[in-house]
């Protein structure tokens, strides 16, 4: 089944949002779940992407992705009217949405995409939402308007101070933990950011959820590529997660595993760029 791209929008230099046809997934999807996408056919690389939005009435879902490797580069080069080879999902355990009081939502870079539907659902459940979104610079901030619309308070942070407050997301997070003591923190972003956000909330006893983005292949727990250690136990992000108690995740082990794939992915990306430069097809 082909999934036509109905709308494409560039959110920042290398971040794109597409709306694609996927009627069954749109009806079944819940906040926190993800899909696995193949750009061309069943032999394509399998890319896990969070469902950033769903429109059951139109039979479409929204996907936000960053151009970082060969397959995401191919997807970024697609246009409205083109079709993705396949989309499998919804996968993973949905976020437990309940009224708990004050929820602080912390997003870093592309992590704002999976965070937004969760923050929206928490707001609809009657919670007070304090959102902190950050990036290296102004040009990398995405979904600010969307977060402003659902947040009781929004704090924007950039590493270089080019927009909003200068600093790291951990700084306002610590201040909020000291002054408000939120009932729940939800953190999504780069692994190192999630690690230090969890170190920030732990002394205050703030329950903290993280959504992990590990290497995945099949999405059913069979390949083992997404395994992580949580509370001393082996878990599989694709079936047990993607959300876990951040205070129990072994982030150092997770970062070591992710680092093992960077060389291969960069090599594939350079090969794709070479083929694009000379007008070659993937099998040439």
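A few notes on this one:
- For the range 87-119, a tally of residues being in a loop (DSSP other than H, G, I, E, B) and either crowded, with 21+ Cβ neighbours inside 10 Å or in contact with a helix residue (DSSP H, G or I) (Cβ under 6 Å, 6 or more places away or on another chain) (or both) returns 3.
- Helices (runs of 4 or more DSSP H) within the range 176-279 that include 1 or more residues in contact with a helix residue (DSSP H, G or I) (Cβ under 7 Å, 6 or more places away or on another chain) and modelled with pLDDT of 85 or more: 191-201, 251-259
- Residue 10 within 19 Å of residue 59 (Cβ to Cβ) and not assigned by TED's automatic domain parsing to the domain that holds residue 237: no
- Residue tally, condition out of contact with any strand residue (DSSP E or B) (no Cβ under 6 Å at 6 or more places or on another chain) and part of a helix (DSSP H, G or I), over the range 16-49: 3
- Pick from the range 13-29, criterion surrounded by fewer than 17 Cβ atoms within 10 Å (Cβ to Cβ) and under 21 Å from residue 112 (Cβ atoms), ranking: modelled with the highest pLDDT: 14
- Some residue of the range 120-138 being under 17 Å from residue 51 (Cβ atoms), crowded, with 16+ Cβ neighbours inside 10 Å and touching a helix residue (DSSP H, G or I) at 6+ places or on another chain (Cβ under 7 Å): yes
- Residue 182 satisfies every condition listed in (1) loosely packed, with under 15 Cβ neighbours inside 10 Å; (2) more than 23 Å from residue 60 (Cβ to Cβ); (3) touching a residue at least 60 places away in the same chain (Cβ under 8 Å) except (1).
The values are calculated or read from the model by the stated rules, or taken from the named source; none is laboratory data. Since the model is a prediction, treat every value here as computed from it, not as a measurement. Glycine also receives a Cβ, built like all others from the backbone with ideal geometry; neighbour counts cover every protein chain displayed.
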